[in-house]
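**Student:** Have a look at the structure that comes next, please.
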Amino acid sequence: MAATDTALTGLRQMIASGALGPGAKFPPEPELCDRLGVSRSSLREAVRSLAALGVIESRHGSGTYVSALDPAEIISRFSLSVELIPLEGVLELLEVRRVLEAHATASAAARQDPGLADKLAEILDRLEATTDAHEIQQLDAEFHGAICTAGANPTVTALTAVIRGRGGHYRIFEPGSDFDAIKQTSDRGHRAILSAIT
């Protein structure tokens with residue numbers, strides 16, 4: 001195992017085991033190097049990797065800390081990797097999105113936030129009135145995001161947003177021979193979701 005991987009595994013184990021919980025400060029760098037059996041450069045590379053994932057925070061002049069380990073915040077960082085997934089993988093992600101959004105929609109319906117139906121109806125009014133591909137994409141994201149937020153699980157909301165962001169690279173609403181049919185099907189589907197929630 002490479003030294004950086006050794007350092008990364010050691011830091012992850014310290015966090016996963018609960019030895020260092022959310023907000024905890026890591027021991028000084030020399031102590032960590034001795035404990036993990038790695039050089040400072042390997043340790044620093046491991047810290048950078050975990051910082052990119054939102055797991056570790058380096059505070060200038062203060063030291064290195066475990067982040068709040070907020071699931072939604074950590075999941076939002078997945079977008080860096082998800083954007084690299086090819087079409088075949090994106091189709092698998094869309095299946096996951098359907099499961100997650102069905103759960104979020106059921107939760108939103110059960111909670112019955114009094115303002116949700118009006119908010120969703122207003123978004124759909126704007127969505128149905130436009131033929132601009134960029135605006136359609138934005139309003140679609142706003143509609144589904146509002147439902148996920150109303151479902152009151154920030155982790156589900158973050159994960160569906162990451163998946164939705166990757167699917168947005170494929171422009172199905174660009175003007176063309178199938179635009180009208182796709183738009184009408186999409187609009188009917190959105191209205192059916194709102195109807196099911198209410």
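**Student:** Can you list residues from other chains, or at least 5 along the same chain, whose modelled amide H is less than 5 Å from the amide H of residue 56?
**Tutor:** 51, 67
**Student:** [x] 31, 24, 16; [y] 43, 19, 13; [z] 25, 23, 18: which one is semi-axes √(5λ) of the Cα gyration tensor in Å as calculated from this entry?
**Tutor:** [y]
**Student:** Modelled label-to-label distance, residue 130 and residue 39, 7 Å Cα→beta-carbon offset: nm?
**Tutor:** Going by the 7 Å Cα→Cβ label model, 5.3 nm.
**Student:** Follow-up. What list of ³J(HN,Hα) couplings, whole Hz, do you get for the stretch 27-32 from phi and the Karplus terms 6.51, -1.76, 1.60, once you set θ to phi - 60° and write x for glycine and proline?
**Tutor:** x, x, 3, x, 5, 5
**Student:** Now a separate question. What is the distance, in nm, between label points placed 7 Å from the Cα along the Cα-to-Cβ direction at residue 2 and at residue 178?
**Tutor:** 4.2 nm
**Student:** Sticking with this structure for a sec: If we restrict to alpha carbons, what Rg and Dmax does the stretch 1-101 come to, in Å?
**Tutor:** 16.1, 48
**Student:** To the nearest 20 debye, what charge dipole does the chain have about its Cα centre, counting +1 at the Cβ of each Lys and Arg and -1 at the Cβ of each Asp and Glu?
**Tutor:** Numbers: 19 positive and 26 negative charges, 142 e Å.
So the dipole magnitude of the chain works out to roughly 680 debye.
**Student:** Taking a 1.4 Å probe, which of 94, 32 shows the most accessible area, and what order do the others take after it? Spell out each step's value before the answer.
**Tutor:** On the way: 94 60, 32 10 Å².
Solvent-accessible surface, decreasing: 94, 32.
**Student:** Another question, then. Show that you can apply the helix-only estimate: for the chain, add -39,500 (n - 2.57) for every DSSP H stretch of four or more residues, divide by all residues, and state [θ] at 222 nm to the nearest 500.
**Tutor:** So the calculated ellipticity at 222 nm is -22000 deg cm²/dmol.
The values are calculated or read from the model by the stated rules, or taken from the named source; none is laboratory data. Predicted, not measured: the structure shown is a model, and the values here were computed from it. Note that each Cβ is placed from the backbone with ideal geometry, even for glycine, and that neighbours are counted across all protein chains shown. When the accessible area is computed, the model is the full protein with side chains, heavy atoms only, and any ligands, DNA or RNA have been set aside. Shrake-Rupley method; radii C 1.70, N 1.55, O 1.52, S 1.80 Å.
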